[in-house]
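Okay, so here's the structure we're looking at.
Bear in mind that the values in this text are calculations on the coordinates, not laboratory data. A quick note: this is a predicted structure, and the numbers were derived from the prediction, not measured. Cβ placement follows ideal geometry from the backbone for every residue including glycine, while neighbour counts extend to all protein chains displayed.
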Amino acid sequence: MYPVPALSEQLEREWASELSAYFTVGVDEIRAPARPWFEFPNGSLRIELMDGSVVQFNYAIFIVNESKKAVAVFTEHCGNHIYPYHEAKVYRDEVLVYAQA
């Protein structure tokens, strides 16, 4: 398997309970191959990190887990990613929707 799909699947497994809560489906449904409920919103998602780095995606969702100290991003076309949440800011269509203090 290519690295991007393999890492994306790994992140989905590691964040299955968070994805389950986000989409309000069972954890078993998160792991199932057919997932019609796994929808991505139109628009942009931008994350600003503590060092000034910025990442931006279209058709993406984010989930913050404070115990993991991470922001996970799940995208429709560009894989899944994880970032540190320390001082992170998340913008949906240029509107601040999360800021970790």
The range 1-58, residues that are among the aromatic types (F, W, Y) and in contact with a Ser or Thr (Cβ under 6 Å, 6 or more places away or on another chain): F57
Which one of I30, I47, I61 is over 19 Å from V95 (Cβ atoms), crowded, with 16+ Cβ neighbours inside 10 Å and either hydrophobic (A, V, I, L, M, F, W, C) or in contact with a strand residue (DSSP E or B) (Cβ under 7 Å, 6 or more places away or on another chain) (or both)? I30
For the range 1-21: of the residues being over 15 Å from I63 (Cβ atoms) and touching a residue at least 40 places away in the same chain (Cβ under 8 Å), which is surrounded by the most Cβ atoms within 10 Å (Cβ to Cβ)? L7
So, in the range 74-101, of the ones that are touching a helix residue (DSSP H, G or I) at 6+ places or on another chain (Cβ under 9 Å) and among the β-branched types (V, I, T), which residue ends up nearest to G43 (Cα to Cα)? T75
Cβ-Cβ distance below 6 Å, separation of 6 or more or different chains: which pairs start in the range 65-84 with a residue that is within 17 Å of S8 (Cα to Cα) and end on one that is small (G, A, S) and part of a loop (DSSP other than H, G, I, E, B)? V71/A88
